[in-house]
Amino acid sequence: MALPEQPLRLLLVEDNPGDARLIQEELREVPSVRFEVVHVLRLAEAERVAREAKLDAVLLDLSLPDGHGLGNISRLLQAAPVVPLVVLTGTDDEQLAVQAVHQGAQDYLVKGQVTGPLLVRALRYAIERKRVEEGLKREESQQQTALFREQFLAILGHDLRNPLSAISGNAGLLLRYGGLTEPQRKAVNRISISSDRMARMINDLLDFTRARLGGGYPVNRARMNVHDVLRQVVEELEVAHPQRRFELSLAGNGWGDWDADRIAQAASNLVGNAVQYSPEDSPVKVSAQDEGEGICVQVHNLGLPIPAGRLPHIFDPFVRGVEGTRSTARTGLGLGLYITHEIARAHGGTLRVTSTEADGTRFWMNLPRHATTAA
């Protein structure tokens, strides 16, 4: 264990002047470690110092004028919960030592048996154990927070579906049978478009929580042709973006065992992403070709490059690729690439990306044709 360059700041809580002096002398006898010792006689004063001062460790006597026994530990830990605490006592009692550790102490030392090296070793180990303990607590807290957030999103997405279906259904009925004037038709059409966009967001939320809470995406494999799916995705986007130019190139064998709906969702996310993040006068290129035992789908656009610092996290949830003039119009949640990555992984495949100013942004989705090759 590397020795610190800075001195260790130690709070010594001991009402016996002789014992306190002996402990400080023992600490001075150890040349490898320097200590700054703050000595107090009473527990109340120790609580004040622990709250106000930056401490590395505490040496605590269990018998003080204003506090006695294991209760001293809990009182001091309330004042400084993250500071490691080593108990000092005149009683060599193994049961008491175990109870002290259960109360939150990191170690237990008997005064008459303490030497300088033993004391330093106990303090160093206490500091390290406390650091590990606090790290585990933080990690557990982060996991619980993430789980709560994902459960909340799942409930929210589920509960939003029913009223949204009513909005979308009634808007459709009005458009079809309402006998609306032209301004009324435009207003209801905006309602319909907005509800469809919200439905896509809710589906993304549900897919996200299903992947996070359920350990991945369930896929229903069946014989299908990726080429047919890509043609359909491109045709739909050509209708939605008539001003854009799409270049579709299909080669090799498009057949394999995949989940057609999920592959269409992944392809739509990638091609739609390319449309959103590239100039209107530039083409969006979509291609598929054989690669090994599977197929490789590639989507390319000439938009601004993804920043280098963001690129390693581009498949994380709620991460956007580029903040620019076109991306500000994005109305999604930043889940599209995460969902696409999970769909590829659920099929035993991979999703990769490169992004440079010279070449633009390219996504490669590699999919094995059969489940047996997806180890």
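The values are calculated or read from the model by the stated rules, or taken from the named source; none is laboratory data. Keep in mind that what you see is a predicted model, and the values were worked out from it rather than measured. Heads up, the Cβs are rebuilt from the backbone with ideal geometry, glycines too, and the neighbour counts pull from every protein chain shown. When the accessible area is computed, the model is the full protein with side chains, heavy atoms only, and any ligands, DNA or RNA have been set aside. Shrake-Rupley method; radii C 1.70, N 1.55, O 1.52, S 1.80 Å.
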> Can you tell me how many residues in region 1-51 are part of a helix (DSSP H, G or I), of a type outside the set (Val, Ile, Thr) and under 23 Å from HIS68 (Cα atoms)?
Replying inline: 15
> Counting only residues that are closer than 23 Å to GLY90 by Cα and open to solvent by less than 70 Å² (accessible area, probe 1.4 Å), which one in region 17-34 is modelled with the lowest pLDDT?
Replying inline: VAL30
>> Give all pairs with beta carbons closer than 7 Å in which a residue from region 175-202 that is closer than 14 Å to SER165 by Cβ meets a residue that is open to solvent by less than 40 Å² (accessible area, probe 1.4 Å) and aliphatic (A, V, I, L, M); count only pairs at least 6 apart in sequence or on separate chains.
In response: ILE191/ALA171; SER192/ALA171; SER192/LEU175; SER195/LEU164; SER195/ALA171; MET198/LEU164; ALA199/LEU164; ILE202/LEU164
>> Which residue is nearest to ASP228 (Cα to Cα), if the candidates are limited to region 290-307 and must be open to solvent by 50 Å² or more (accessible area, probe 1.4 Å) and touching a Ser or Thr at 6+ places or on another chain (Cβ under 8 Å)?
In response: GLU293
> Quick check, is VAL219 within 16 Å of GLN265 (Cβ to Cβ), surrounded by 16 or more Cβ atoms within 10 Å (Cβ to Cβ) and modelled with pLDDT of 90 or more?
Replying inline: no
> Of the residues ARG200, ARG185, which single one is in a helix (DSSP H, G or I), of a type outside the set (S, T, N, Q) and under 37 Å from the mean Cα position of the chain (by Cα)?
Replying inline: ARG200
> Of the residues in region 83-104, how many are open to solvent by less than 80 Å² (accessible area, probe 1.4 Å), assigned to a loop (DSSP other than H, G, I, E, B) and over 14 Å from HIS68 (Cβ atoms)?
Replying inline: 4
